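The values are calculated or read from the model by the stated rules, or taken from the named source; none is laboratory data. Not measured: the values here are computed from a predicted model. Cβ atoms come from the backbone with ideal geometry, glycine included; neighbour counts cover every protein chain shown. The protein model used for the area step is the full one, side chains on, heavy atoms only, and it has no ligands, DNA or RNA in it. Shrake-Rupley method; radii C 1.70, N 1.55, O 1.52, S 1.80 Å.
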Amino acid sequence: MLRIAQVAPNIFPVPPINHGGTERIVQELSAALRSLGHEVTLFAPTDSATNGPIIGSLPSLQALETQYGQVPPSIPAVLEAVQMEHLRRHLGSFDIVHCHGEFFHAALLGERRKHSLTTIHWRVDELDRQLFFAAFPDLPVAAISAAQESGIPEANRAGVVHHGIDGSRYAPQTAPGRYLAFIGRMTDQKRPDTAIRVAKAAGRSIRLAGTVDVGNPLYFEREVRPLLSQSAEYVGPVDDAAKNTLLGGAEALLFPIDWPEPFGLVMIEAMACGTPVIAWKRGSVAEIVEDGVTGFVVESEAEAVDALKRIGTIDRAGVRRRFEERFTSRHMAQRYVELYERLLAQ
């Protein structure tokens, strides 16, 4: 049995409400590690609602913004500084410290860096990460895809662990509707406008879900809202139950990303529902989607429209089966334990 600290970001609670991403994976990983017999302590905001011990004294940034409206831009740094103090006080209680946040933990860990693991849930090819890696060449970093790992210096590479989710949260459907689905932030990285154009060109209706990106709210108003219609409906943020219904009933998920996506959690959520994925060949996509098996990997809107003509050739039961073989939270936890044990052995 390992004593493991999971250090979550402070932006959203764990698990997040009507949101995916990092906090969702921290929740899935913590639960799966406990099911394997390990002792897991979560460092997270106080509005988190997860099983097991939680250490923290402040709510998430989301909760503070809900309570106070606009907050000073320094608040995220304050939240992380307080969290790091909690971690400092408890460092001696853990065999492994697994951090999912930003930067400060690397300095705090000091000599404990060799018995820590950092998972970065964002792109790693920009200047901030490059400066960070150069300053901490002894910080072990787990990539969430081989595509992401290519931007991590050799000295930091600890291995690749694909995300996983609890498949019991999703119920496969074998008789989907005649609509397409899009789930993601309403932003130019995710390109919901492209998804609408593809659906229209293919003669399909589409249902879009997700939050309006707080960093780029005008994108939704300028690029997405004008394209909405009776056949292109925006349903807003969705919780697990609504996501299950939306994905499970869809003919396919469209994933028209326009950035080097390090993973793309919604792709495996769709697969857990037995729903094939049509995704653009960027970032991790070619690692996640098996072309012709769990969906199609495309490079243009025209290719996506053509792929929809062949979507009936994808076996939905086979999609779910490949999810179970590759992307469950148990698989993810087992792979992380392998990395933890390797680091401890060193």
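Considering only residues that are part of a helix (DSSP H, G or I) and polar (S, T, N, Q), look in segment 300-336 and name the one that is surrounded by the most Cβ atoms within 10 Å (Cβ to Cβ).
Ser329
I need a count of the residues in segment 127-148 that are in a helix (DSSP H, G or I) and surrounded by fewer than 21 Cβ atoms within 10 Å (Cβ to Cβ).
10
Evaluate the following for Arg178: is it closer than 24 Å to Val289 by Cα, touching a Pro at 6+ places or on another chain (Cβ under 9 Å) and open to solvent by 50 Å² or more (accessible area, probe 1.4 Å)?
Considered against the rule, which asks whether it is closer than 24 Å to Val289 by Cα, touching a Pro at 6+ places or on another chain (Cβ under 9 Å) and open to solvent by 50 Å² or more (accessible area, probe 1.4 Å), Arg178 comes out as no.
Looking only at residues in segment 1-21 that are open to solvent by less than 30 Å² (accessible area, probe 1.4 Å) and among the β-branched types (Val, Ile, Thr), which one is nearest to Ala209 (Cα to Cα)?
The extreme case among them is Val14.
What single numbered condition from (1) within 22 Å of Pro260 (Cβ to Cβ); (2) part of a loop (DSSP other than H, G, I, E, B); (3) open to solvent by 50 Å² or more (accessible area, probe 1.4 Å) fails to hold for Ala155?
The single condition Ala155 does not satisfy is (2).
What number of residues in segment 159-205 are under 13 Å from Val305 (Cβ atoms) and part of a loop (DSSP other than H, G, I, E, B)?
Final tally of qualifying residues: 3.
If Gly92 meets every condition in (1) surrounded by 15 or more Cβ atoms within 10 Å (Cβ to Cβ); (2) closer than 21 Å to Glu39 by Cβ; (3) not hydrophobic (A, V, I, L, M, F, W, C) apart from one, which number is that one?
Unmet condition: (1).
For segment 226-255, what are the residues that are surrounded by 13 or more Cβ atoms within 10 Å (Cβ to Cβ), in a helix (DSSP H, G or I), without any contact (Cβ under 8 Å) to a residue 60 or more places away in the chain and not hydroxyl-bearing (Ser, Thr, Tyr)?
Residues satisfying the conditions are Leu227, Ala242.
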